[in-house]
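Since every read-out is calculated from the coordinates, none of them should be taken as a lab result. Please read these numbers as outputs of a predicted model, since none were measured by experiment. Positions of Cβ are generated from backbone atoms using ideal geometry, with glycine treated the same way; all protein chains shown enter the neighbour counts.
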Amino acid sequence: MSSSLGFYTLFTTLAAFFFALTLAAPTSELRTRDFGGKATYFAVGLGSCGQQNVDSDYIVALNPSTYAGGAHCGKQLRITGKASGASATATVRDKCPGCGPGDLDMSPSLFSHFEPLEKGTFQVEWKFL
């Protein structure tokens, strides 16, 4: 009886260890990966991360797959405008259901750091810090 209990304990411990490794891998992979896509802006407020935001905050919303159920809430990004070369750091605070992979929806002040709001969209490159 005790040998089967020992085997069960060993098996569950190893299973939990490998499960934890698979959960950690995407986050570390995302931190070294460069993303690129379209930047847009939105009227901020209560974001999907549960915090109230104002237009002057440098925040972004991620597409649903990168948002990953809120796994990246509060994380910092380094964003560079492809045409202007301007860069800024922003915080993930929301989800953008209409964004595609690599796209960022920005607060108005962050968008204005790169381009005038009237432009409506521009191309960016970014990565997690």
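Between residue 34 and residue 121, the FRET efficiency estimated from the beta carbon spacing at R0 = 30 angstrom works out to 0.95. Over all other residues within a Cβ to Cβ distance under 14 Å of residue 41, the charged ones net out to -4, with Lys and Arg as +1 and Asp and Glu as -1.
Rounded to the nearest whole Hz, the Karplus-based 3J(HN,Hα) values (6.51 cos²θ - 1.76 cosθ + 1.60, θ = phi - 60°) of segment 48-55 follow the sequence 4, 7, x, 10, 7, 10, 10, 4, with x at glycine and proline.
Within a straight-line Cα-Cα reach of under 20 Å, residue 127 can be paired with the following lysines, leaving aside sequence neighbours fewer than 8 residues apart in one chain: 38, 75, 82, 95.
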